[in-house]
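S.K.: The structure that follows is given in the form of structure tokens.
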Amino acid sequence: MDCQKPSRIDRPDLRLQHYLARCGLGSRRACELLMRDGRVMVNGASATVLGTRVNPDTDTVTVDGREARPQNFRYLLFNKPLNVICTSHDPQARRTFTAYLPGIAERLFSIGRLDRDSEGLLILTNDGDLAQLLSHPSHHIPKIYEVTIAGGLTSAQEKQMLEGIVSDGETLRMASLAMLGTQDGYSRYRVELITGRNRQIRRMFAVLGRPVGHLRRVAIGTLTLGTLRPGTWRDLQPAEVRKLRQLAMNRRTK
């Protein structure tokens with residue numbers, strides 16, 4: 001079902017990647033990739049130049065042959081279970097987050113990712129501008145995780161986590177690390193990341209010989225997982241979305 005164009009598009013023209021993001025096709029960066037891959041057309045002509053501008057009222061934009069139209073924005077907080085992929089479609093037919101969203105008409109994507117073996121908080125939306133704000137590394141949005149390992153870390157190893165550990169040529173750091181408790185030979189830690197790399201937490205613990213047994217994200221910025229059960233979701237309140245935007249703007253690197 002087509003949605004009306006939101007009033008926030010109030011300029012006579014927009015950069016094409018911004019328009020595509022407002023159509024729910026991903027972050028601006030993801031939309032730039034759509035353009036570069038030759039999947040976007042404006043008034044029947046291929047549009048691969050990133051400086052291309054469009055007038056939403058007069059131009060026809062298509063992606064893979066389907067017209068792209070702005071959507072009403074939707075924001076969900078989702079508790080991702082284990083063995084679920086953070087994408088709307090998987091070529092290997094593995095279970096994706098969309099399996100948990102029956103009846104959701106909007107085409108949503110996740111802001112950031114959790115690997116298949118991890119669980120916890122995901123933000124699902126069709127607002128590409130918000131995705132760009134929260135995912136851009138210069139905005140330093142804190143993310144909090146609970147991590148369980150066999151055994152524990154020494155104080156020297158904890159210091160290494162904060163000062164930097166080299167993995168695959170990258171120096172990886174945690175913003176903070178705190179032990180939450182021990183039980184039956186396992187230790188549980190609270191980990192804070194500011195700029196995350198692919199599988200960063202697992203890689204850091206693995207370098208120290210402490211592979212992660214369980215990893216759950218419990219907070220992104222001002223949002224917390226709370227008591228939301230795995231596989232369930234809720235709509236974010238407008239005030240929650242505003243706080244996320246403001247946090248991203250306030251923490252932007254000067």
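The values are calculated or read from the model by the stated rules, or taken from the named source; none is laboratory data. All values derive from a computational prediction rather than experimental measurement. Positions of Cβ are backbone-derived with ideal geometry, glycine not excepted, and every protein chain shown enters the neighbour counts.
S.K.: Could you check the range 177-194 and list, in sequence order, the residues that are of a type in the set (Val, Ile, Thr) and either at pLDDT 95 or above or surrounded by fewer than 15 Cβ atoms within 10 Å (Cβ to Cβ) (or both)?
M.R.: Thr182, Val191
S.K.: Let me ask you something else. Among the residues of the range 54-63, count how many are part of a loop (DSSP other than H, G, I, E, B) and either of a type in the set (Gly, Ala, Ser) or closer than 17 Å to Asn126 by Cβ (or both).
M.R.: Counting residues in the range 54-63 that are part of a loop (DSSP other than H, G, I, E, B) and either of a type in the set (Gly, Ala, Ser) or closer than 17 Å to Asn126 by Cβ (or both) gives 1.
S.K.: Right, next: Tell me, which residue of the range 73-100 that is assigned to a helix (DSSP H, G or I) and touching a residue at least 24 places away in the same chain (Cβ under 8 Å) is farthest from the chain's Cα centre (by Cα)?
M.R.: Checked the range 73-100; the qualifying residue farthest from the chain's Cα centre (by Cα) is Tyr100.
S.K.: While we're on this one: Any chance you could count how many residues in the range 127-157 are in a helix (DSSP H, G or I) and in contact (Cβ under 8 Å) with a residue 12 or more places away in the chain?
M.R.: Looking only at that region, the number is 12.
S.K.: Still on this model: Among the residues of the range 45-83, what is the count of those that are within 27 Å of Arg245 (Cα to Cα), out of contact with any Pro (no Cβ under 8 Å at 6 or more places or on another chain) and among the hydrophobic types (A, V, I, L, M, F, W, C)?
M.R.: Looking only at that region, the number is 6.
S.K.: Further question on the same structure: Scan the range 211-230 for residues that are touching a helix residue (DSSP H, G or I) at 6+ places or on another chain (Cβ under 8 Å) and assigned to a loop (DSSP other than H, G, I, E, B) and report the count.
M.R.: 3
S.K.: Need the failing condition index for His214 against (1) more than 25 Å from Thr87 (Cα to Cα); (2) surrounded by fewer than 16 Cβ atoms within 10 Å (Cβ to Cβ); (3) at pLDDT 95 or above, just the number.
M.R.: Here His214 meets the rest and fails (1).
S.K.: Restricting to the range 161-176, give me the number of residues that are over 22 Å from the mean Cα position of the chain (by Cα), surrounded by fewer than 19 Cβ atoms within 10 Å (Cβ to Cβ) and outside any strand (DSSP E or B).
M.R.: Residues flagged as over 22 Å from the mean Cα position of the chain (by Cα), surrounded by fewer than 19 Cβ atoms within 10 Å (Cβ to Cβ) and outside any strand (DSSP E or B) within the range 161-176 amount to 5.
S.K.: Going by what's in this entry, would Arg202 be described as of a type in the set (Lys, Arg), farther than 27 Å from His136 by Cβ and either surrounded by fewer than 14 Cβ atoms within 10 Å (Cβ to Cβ) or in contact (Cβ under 8 Å) with a residue 12 or more places away in the chain (or both)?
M.R.: no
S.K.: Could you list all residues from the range 37-59 that are farther than 11 Å from Leu16 by Cα and exposed (fewer than 13 other Cβ atoms within 10 Å of the Cβ)?
M.R.: The answer is Asp37, Gly38, Asn43, Gly44, Ala45, Ser46, Asp57, Thr58.
S.K.: Conditions: (1) within 22 Å of Ala248 (Cα to Cα); (2) among the polar types (S, T, N, Q); (3) in contact (Cβ under 8 Å) with a residue 60 or more places away in the chain. Ser118 meets all but one. Number of the miss?
M.R.: Of (1) within 22 Å of Ala248 (Cα to Cα); (2) among the polar types (S, T, N, Q); (3) in contact (Cβ under 8 Å) with a residue 60 or more places away in the chain, only one is false for Ser118: (1).
S.K.: Quick check on the range 68-100: of everything there that is surrounded by fewer than 19 Cβ atoms within 10 Å (Cβ to Cβ) and in contact with a Cys (Cβ under 9 Å, 6 or more places away or on another chain), which residue is modelled with the highest pLDDT?
M.R.: Of everything passing the filter in the range 68-100, Thr96 is modelled with the highest pLDDT.
S.K.: When Met174 is evaluated against the numbered criteria (1) more than 23 Å from Arg229 (Cα to Cα); (2) modelled with pLDDT under 95, which criterion, by number, is the only one it fails?
M.R.: Among (1) more than 23 Å from Arg229 (Cα to Cα); (2) modelled with pLDDT under 95, Met174 violates only (2).
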